[in-house]
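Some notes on the structure that comes next.
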Amino acid sequence: MRIGELAGRAGTSTRTLRYYEEHGLVRAERSANGYRDYDEAELRVVHEIRTLLAVGFALDDIRPFVACLRAGNSSGDVCPDSVAVLRRKIAEVDAYVDRLSAVRRQLHTQLTLAIANREETCCTTPKPVR
């Protein structure tokens with residue numbers, strides 16, 4: 001299939017497909033007239049790439065998943081290298097959640113103190129006499 005057809009079926013742009021190809025993730029054969037011809041299997045590869053990018057993976061992280069698909073597996077996440085990337089990504093997300101939780105606790109503490117100080121200030125400030 002040509003690049004326009006693959007882009008349409010994958011829900012992406014031809015520019016994006018050329019970008020993936022530049023990074024060695026998508027393969028195309030060149031016809032005599034220089035047009036890119038893609039195998040049907042590239043559609044599955046592009047879907048895998050887009051799915052992984054959508055959840056925050058970098059292009060370099062995606063390489064093992066693509067290699068796993070190219071090895072004939074039905075899914076890109078069944079190979080040891082892919083599993084290692086998934087484990088690393090989960091550890092990154094867990095660390096990020098921990099940092100966000102710490103920030104949340106700090107903000108709650110700050111808010112509690114601010115409310116207490118405001119109420120204290122409001123209640124202890126003498127009201128002007130009329």
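Where a number appears in this text, it was derived from the coordinates with a stated rule and is not lab data. Since this is a predicted model, take the numbers as computed values, not measurements. Using ideal geometry, Cβ is built from the backbone for each residue, glycine included, and neighbour counts are taken over all protein chains shown.
Hey, of (1) 1.87; (2) 0.93; (3) 1.60, which did the structure itself give for Cα Rg over 2.2 N^0.38 Å when calculated?
Read-out from the structure maps to (1).
Report the extension gain between ARG88 and THR112 in nm, rounded to one decimal, defined as 0.36 nm multiplied by the number of residues separating them, less their alpha carbon distance.
This chain segment gains 5.0 nm when fully extended.
Do any chymotrypsin sites (Phe, Trp or Tyr not before Pro) in the stretch 1-59 lie in a DSSP loop with no more than 12 other beta carbon atoms within 10 Å, and if so, which?
For chymotrypsin sites (Phe, Trp or Tyr not before Pro) across the stretch 1-59 that sit outside H, G, I, E and B with at most 12 neighbouring Cβ atoms in 10 Å, the list reads TYR35.
Which far-off residues, 5 or more places away or on another chain, put their amide H under 5 Å from the one on ARG2, with H placed in the peptide plane?
Excluding prolines and chain starts, which carry no amide H, the hits are TYR38.
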